[in-house]
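The values are calculated or read from the model by the stated rules, or taken from the named source; none is laboratory data. Quick caveat: nothing in here was measured; it's all calculated off a predicted structure. Cβ placement follows ideal geometry from the backbone for every residue including glycine, while neighbour counts extend to all protein chains displayed. Side chains are part of the model used for accessible areas, which takes the heavy atoms of the whole protein and leaves out ligands, DNA and RNA. Shrake-Rupley method; radii C 1.70, N 1.55, O 1.52, S 1.80 Å.
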Amino acid sequence: MAYVSKQEFRDFLKIVFICIGWYIVSSTNGVLGKMILSQFPYPMTVTMVHLASIAIFSTPMLKMLQIRQHESTWTHHKSILLPLAFGKFVSSVFSHISLWKVPVSYAHTVKASMPIFTVLISRFLLGERHSTSLYFSLMPIVFGVAIATVTELSFDVVGLGSALVATAGFSLMNIFSKRAMKETGMHHLRLLHKLGQISALMFLPVWTLVDLTSFRRDLSVEVVTLLLVDGALHWIQNILAFTLLKLVVPLTYAVANVTKRISVITVSLLLLKNPVTLTNVGGMMLAIGGVFCYNMAKYRENQAKDRLPTSLNRPVTSKPLWQDHYTFDHKVQVTTPLSFLDGQMKRNQ
């Protein structure tokens with residue numbers, strides 16, 4: 001039985017508590033977001049609140065934790081941070097539009113299609129090749145989302161399209177967030193703060209044109225309170241997600257993300273009580289199960305790549321010990337036993 005040190009046990013408990021907190025905050029955030037958008041139909045404003053919350057709330061937290069400043073070069077901003085920030089605000093906008101148009105359970109079922117986008121992006125943008133088993137593992141996800149879509153009682157085309165665009169954006173972020181932390185050497189909470197600032201500044205002109213002049217007539221004390229709580233929960237959710245991404249390997253994070261999605265779907269069905277059929281729930285579970293299959297196929301593919309030889313071994317041709325050869329000092333000649341006997345006989349003659 002392998003020995004587990006106290007430090008390893010503490011790290012394990014830390015990861016478990018982060019996951020539990022992530023599930024609770026994400027489920028609450030999903031339900032609260034749907035409640036807000038039902039009475040305050042301004043997904044752009046909700047997105048602005050989320051992005052501004054990350055930028056504002058992270059500043060005192062970074063000072064309190066004494067996380068060092070990071071001097072990013074323009075190259076890093078241009079090649080990594082700007083695309084990530086753009087993906088963050090686009091994904092957030094379309095995620096809130098989907099949440100506004102369709103039930104939380106259906107929106108998160110569509111987001112279970114993230115592995116499909118991950119495979120496509122890594123294949124066509126990064127040039128990675130995948131095994132046949134990995135492609136086959138995507139089939140349950142496709143069928144599950146299709147069944148959930150056909151049987152969804154509150155189906156909306158805009159909601160479906162928005163959820164798919166948001167999922168593609170989040171997939172891009174997951175791929176490049178690890179790369180950003182590795183290449184820039186930036187602390188994961190500092191990276192979150194930077195992305196919040198840049199994405200909020202990017203989104204500000206769009207929000208000003210679309211919502212600034214219209215959302216104020218539907219504001220109330222209750223809505224403002226709910227928006228502040230929702231923004232704070234979104235900030236905490238992002239802190240937990242980025243911390244977990246930093247602590248664990250991609251497979252563990254992917255499995256934790258699937259479990260989080262199951263908890264969000266379950267809590268939303270129990271609290272919001274949106275009407276569903278057994279076939280609809282079956283489609284959701286098939287899609288979620290497909291994500292588990294994909295994660296295992298991806299793990300096996302990575303294991304197979306790690307076991308591949310990096311270079312061809314040259315064939316070793318071993319000679320019998322009695323074949324003529326020279327020692328390292330090139331002075332002593334070793335002959336075969338038969339040659340030695342022939343030489344002795346000739347000298348005796």
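Observations on the structure shown:
- Taking a ≥ b ≥ c as the square roots of the eigenvalues of the Cα gyration tensor, an a/c ratio of 1.5 or more together with a/b no larger than b/c marks segment 185-250 as oblate.
- Considering every alpha-carbon pair of segment 83-239, the percent of pairs per 5 Å bin, from zero through the bin containing the longest distance, is 1, 8, 13, 17, 19, 17, 12, 7, 3, 1, 0, 0.
- Violating pairs (Cα-Cα greater than 24 angstrom) within the set Lys14/Lys260; Lys111/Lys178; Lys14/Lys273; Lys6/Lys260: Lys14/Lys273; Lys6/Lys260
- The share of accessible area on segment 202-315 that comes from carbon and sulfur is 69 percent, using a 1.4 angstrom probe.
- Label-to-label distance, nm, for residues given as Leu62 and Leu219 (7 Å Cα→Cβ offset): 2.7
- Qualifying trypsin sites (Lys or Arg not before Pro) in segment 99-146, where qualification requires a DSSP coil assignment and no more than 13 other C-beta atoms within 10 Å, comprise Arg129.
- Pairwise FRET efficiency - Lys182 versus His130, Cβ, R0 = 25 Å, nearest 0.05: 0.70
- Probe 1.4 Å, accessible area per residue of segment 2-147, Å²: 50
- Site pair Leu270 and Lys14 shows an inter-label distance of 3.0 nm when each label is modelled 7 Å from Cα along Cα→Cβ.
- Here each label is just a point 7 Å from Cα along the line to Cβ, and for Phe292 and Thr277 those points are 2.5 nm apart.
- In terms of the mean number of neighbouring beta-carbon atoms within 10 Å, the peptides 296-305, 168-177, 239-248 order highest first as 168-177, 239-248, 296-305.
- Per residue accessible area in Å² of segment 208-299, where ligands, DNA and RNA are left out and the probe is 1.4 Å: 50
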